[in-house]
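Trainee: First, the structure itself, so that you have it in front of you.
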Amino acid sequence: MVFDAIVIGVGSMGAATCYQLAKRGQRVLGLEQFGIVHDEGSHTGQSRIIRKAYFEHPDYVPLLESAYAGWQTLEEESGTQLYWPVGLAYFGEPGNPVLVEAQSSAQAYQLPLERKPPSYFPSFQLPTDWECWLEPEAGYLSPELAIRAFAQMAQHHGAEIRTQQRVMDLEVAGTEVVVRTEQEEFKARKLVITAGAFIKDLVNLSVPLQVTRQYLAWTETDPFGTPEAPCWVIAEPGTPGIYYGFPQTEHLPGPRGMKFGHHRPGDEWIPHLPDGIPAET
């Protein structure tokens, strides 16, 4: 059998690709070297912030509007809640680029972004001159539940997904591509590689690619950590990246408490090598 498309790597991007292609009537094969949802990729961690007032650039906003609609459709099709609209609080000194650019995106697309006094967030000991903004339409997604929903609905629409299939070789043969795993050989007219950190195992890239590790932590919570509290971002002067966190997510599998992290370039991580937890964590 020759598939219309083979997708290598069925994590967040790969599972979504299988779902979208199968929904459009394509004959799709998804190949995953581990299982559906595992701890070797970048898609775990219990929760992910989703927002519209992107401080990275306003051009992201139309894509995010489409993504919000897509999440709603996937929730309806799968019958699974994936998104919790708890809001997102931004904290930083006046003029901080994160706050300024978030406001710019909100203004450009008329998104709700509300200025709040520091007293609105009593659990945070904030400098009195800092600004506080609340994006009410932001919130968080469950990456693990989302991947399972994508994979389930991809199969519902006719996709074939094979796990424990590590790809060893790729070959272009005329108008087809041949994919060889440790167990089998498959053919397709198109190939999509969504292998994340493992992409260098499959493709010789002409651009530098460095995979880094991001560290997450969970701590006991105060009232701000209740499920009704918003997610938050702290843009601290002189600190690379941003700090971020979530309310309690006891309705989701995984660690208990309030999750937080520091989004910045991390330590290099090499796939397939045994790896301990650095002492500085």
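The values are calculated or read from the model by the stated rules, or taken from the named source; none is laboratory data. These figures come from a predicted structure and were not determined experimentally. Methodologically, a virtual Cβ is constructed for each residue, glycine included, from the backbone with ideal geometry; neighbour enumeration extends over all protein chains shown.
Trainee: Considering only segment 15-45, how many residues are at pLDDT 95 or above and within 12 Å of the chain's Cα centre (by Cα)?
Mentor: 1
Trainee: I've got another one for you. Considering Tyr54, Tyr60, Tyr68, which residue is within 20 Å of Glu135 (Cα to Cα) and out of contact with any helix residue (DSSP H, G or I) (no Cβ under 8 Å at 6 or more places or on another chain)?
Mentor: Tyr68
Trainee: Looking for whichever is assigned by the TED database to the domain that holds Glu131, touching a Cys at 6+ places or on another chain (Cβ under 9 Å) and surrounded by fewer than 18 Cβ atoms within 10 Å (Cβ to Cβ) here; the options are Pro85, Pro97, Pro118. Which one fits?
Mentor: Pro118
Trainee: Out of segment 1-19, which residues are part of a loop (DSSP other than H, G, I, E, B) and either of a type in the set (Ser, Thr, Tyr) or closer than 29 Å to Gly139 by Cα (or both)?
Mentor: The answer is Gly9, Val10, Gly11.
Trainee: Determine whether Ala22 is surrounded by 17 or more Cβ atoms within 10 Å (Cβ to Cβ), assigned to a helix (DSSP H, G or I), touching a Gly at 6+ places or on another chain (Cβ under 7 Å) and of a type in the set (A, V, I, L, M, F, W, C).
Mentor: yes
Trainee: Out of everything in segment 224-253 that is in contact with a His (Cβ under 9 Å, 6 or more places away or on another chain) and part of a loop (DSSP other than H, G, I, E, B), what residue ends up being modelled with the lowest pLDDT?
Mentor: Pro227
Trainee: Now, a different point. For Gly45, all conditions in the list (1) assigned to a helix (DSSP H, G or I); (2) small (Gly, Ala, Ser); (3) surrounded by fewer than 18 Cβ atoms within 10 Å (Cβ to Cβ) hold save one; what is the number of the exception?
Mentor: For Gly45, the exception is condition (1).
Trainee: Do any strands (runs of 3 or more DSSP E) lying entirely in segment 136-223 carry at least 2 residues that are closer than 17 Å to Val2 by Cβ, and which ones are they?
Mentor: Correct list: 160-162, 167-173, 176-181, 185-193.
Trainee: Please state which of the following conditions Arg189 fails to meet, knowing it meets all the rest: (1) modelled with pLDDT of 90 or more; (2) among the charged types (D, E, K, R); (3) in the same structural domain as Gly87 (by the TED database).
Mentor: Only one criterion is unmet by Arg189, namely (3).
Trainee: Got a sec? Which of Ala197, Ala159 is within 30 Å of Gly254 (Cα to Cα), out of contact with any His (no Cβ under 9 Å at 6 or more places or on another chain) and at pLDDT 95 or above?
Mentor: Ala159
Trainee: While we're here: So Leu205 clears everything in (1) within 30 Å of Thr249 (Cβ to Cβ); (2) of a type in the set (A, V, I, L, M, F, W, C); (3) surrounded by fewer than 15 Cβ atoms within 10 Å (Cβ to Cβ) except one condition, right? Which one?
Mentor: (1)
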